[in-house]
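Input: a single structure, listed below in structure tokens.
Just so it is clear, none of the values below were taken in a lab; they were calculated from the coordinates. A quick note: this is a predicted structure, and the numbers were derived from the prediction, not measured. All Cβ positions, even for glycine, are placed from backbone atoms using ideal geometry, and neighbour counts span all protein chains on display.
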Amino acid sequence: MHWPLRVSDAAFSRWYPPGWDLAYDRPGDLTPRVDELLAARIGPGAVVLDYGAGATANWVRQSMCGKLVGVDVDPAVLKNPALHESVVVAPDGPIPYPDGHFDAAVAHWVFEHLSRPGQSLREIVRVLKPDAPLIFITLNRRHWMCAVAQCLPREMATFLAETLGQKPAGAGRAFDVYFRLNTARDISLLAGRAGLRIEQLRFFETYPAYLRMISPLFPLGVFLERLLNRSQWLAPLRVNIVGVLRRHARSGRTPR
């Protein structure tokens, strides 16, 4: 669908020419950074859980591991061509695999949708082997965009996310957001209770993708992006949290 207020490619390239993010000690495109995290923690024979895998490929590719298993509440996961195996699960429900089954887990834009994040984390921990990593990327509830979204009626927030965010075809349906595992404090608290320790937690600010669809507001988004990226003091307010949690290297059942 054509959106009349969309910032043109020519105008966008003036604000964000190729390599714009090289001015910072972090990439505007998070893919290379996440690829580094995955390559360092997932071996070629690993059995990997993609928690909330959805209908389309995420960052983990079949060639990276021995077996890629996806679980999701959306039945569209059963048609995800990037997975070796896929299963539909209940929201915050059990994962139908035995204790200590997976060498690693990934969660790609999932934490914001968890209504009972503590329960979800405990179930992920249960199926992970001791010392196995959980690699994730999620939204930061303290970012200005998330603050605005939380002030909107749920239906309007969903419409804007799908329309202004240009949701890809076949990406599956949109889900409610709760932001209950979307600050450094919440992640630290709930992960610790679930039996995970924080190995790495970093904040990234990318270009204002949503405001690209509203050209009069796009310069404001650019200003805020520059401000957040140039100030380490403001780093906890950046839009994306990329992290690695690791299950404690101990045997036995996970905490309930």
Most fluctuating residue given options V77, V127, V222, as computed from a GNM of the chain linking Cα atoms under 10 Å: V222
Positive dipole terminus of the chain, leading residue within W109, Y16, A76 (C-beta point charges): W109
Dimensions (Å) - region 9-247, Cα atoms, principal axes, largest first: 52, 35, 34
Residue with peak Gaussian network fluctuation, the chain [Cα springs, cutoff 10 Å], from L228, L152, L38: L152
Antiparallel %, DSSP beta bridges [both residues in the chain], to 5: 45 percent
Burial order of peptide ranges 112-119, 134-141 (average beta-carbon count within 10 Å, highest first): 134-141, 112-119
